[in-house]
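The values are calculated or read from the model by the stated rules, or taken from the named source; none is laboratory data. Computed from a predicted structure; not experimentally measured. Heads up, the Cβs are rebuilt from the backbone with ideal geometry, glycines too, and the neighbour counts pull from every protein chain shown. Keep in mind that these areas ignore ligands, DNA and RNA; they rest on the heavy atoms of the full protein, side chains included. Shrake-Rupley method; radii C 1.70, N 1.55, O 1.52, S 1.80 Å.
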Amino acid sequence: MGAWTWPAIVGVLFGTAAFLVILVPVLAYQYRRYGRFTARRVLGVAAVSVYGAAVVAYTQLPLPDSHGSRCPTPGLSPQWQPFSFVSDIAEVASASGTLGLLTSRTVLQVFFNVLLLVPWGVILHGFAGRSVLVATLTGLAASLVIEATQATGMWGFYECPYRLGDVDDLILNTSGALLGALVAPVVLWWMPRPQTFRVTQQLPRPVTNLRRWVGMAVDLAAFHLAGFALVVMYRLLLPQGLVLSDEPTLVEALLLTLAPALVVFFLPAWRGTGASIGQHAMRLIPEWKGKDSWGR
């Protein structure tokens, strides 16, 4: 498997896994922000997840073997001379000719450094609806984080840099983000912009099975997250040196069950429309038969 292809496979695998983890929050956000489910924007989120994982794979992997030498390339230092890739390409052209130039690793590295953040510009401008300037500046910031991570050995986690930090990469990546922002309207002509939902956001929508299921999934996730957070805070407040049992105590059992139920279901339903957290997220308002007779 080539050095250019395996990070893409890693990006697809880990990006898909990340997308499945955030799928329920994404659906909840869509209903709150847009008032309805939009398959094309969900597909966009999936593409963003895969792209994010692929960027990490291309720029940071493979990691050095922790069981071997922690400095596989002693003396590796950042490259601070801007546009040195121009002279590198000129040297390859004089030595290899036109055909050799187009297939050389030097030219391919420049090309892929530009290409790396083209999707960034497309996503920020065409998908998130940000300006070309914001897409370019955030691309510059992302590239700066990548290069700093490489130049510092993952911020000191490794004893020395295992990849070269290069100012040319910063220039090329930022150029890619700018290029992506400029071509975004052409590439994502089919993608609905967030601004297009403002007029119809508050309009009533059919209560579909998907909305009900996503609301229940949000309630379930909020229930377990609230219980876990309460137990963690409870244990942190216990006196130091206290031996904790593997089995939950009565207090922890209440924090895992009764307290989250109050937070997620009863308290939200007590006030307002009577909806739970998940129903609020899905813009659902529960109704009961005989409401007027019970309310009087």
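Per-structure values
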{"quantity": "PRO161, sole failed condition from (1) surrounded by 17 or more Cβ atoms within 10 Å (Cβ to Cβ); (2) under 17 Å from GLY52 (Cβ atoms)", "calculated": "(2)"}
{"quantity": "Which listed residue, of ALA28, ALA8, ALA57, ALA18, is farther than 20 Å from PRO119 by Cα, among the small types (Gly, Ala, Ser) and out of contact with any Cys (no Cβ under 6 Å at 6 or more places or on another chain)", "calculated": "ALA28"}
{"quantity": "Residue in the stretch 285-295 that is at pLDDT below 85, of a type in the set (Ser, Thr, Tyr) and open to solvent by less than 70 Å² (accessible area, probe 1.4 Å) present", "calculated": "no"}
{"quantity": "Subset of the stretch 54-69 [modelled with pLDDT under 75 and either closer than 20 Å to ILE146 by Cα or in a helix (DSSP H, G or I) (or both)]", "calculated": "LEU63, PRO64"}
{"quantity": "2 or more residues at pLDDT 80 or above and open to solvent by 70 Å² or more (accessible area, probe 1.4 Å): qualifying helices (runs of 4 or more DSSP H) within the stretch 222-283", "calculated": "250-256"}
{"quantity": "First in the stretch 162-187 and free of Cβ contacts under 8 Å to residues at least 12 places away in the same chain, second anywhere and among the β-branched types (Val, Ile, Thr), Cβ under 7 Å, 6 or more apart", "calculated": "none"}
{"quantity": "Pair list, Cβ under 6 Å, 6 or more apart: the stretch 124-136 residue more than 19 Å from SER49 (Cβ to Cβ), other residue open to solvent by 50 Å² or more (accessible area, probe 1.4 Å)", "calculated": "THR136/LEU178"}
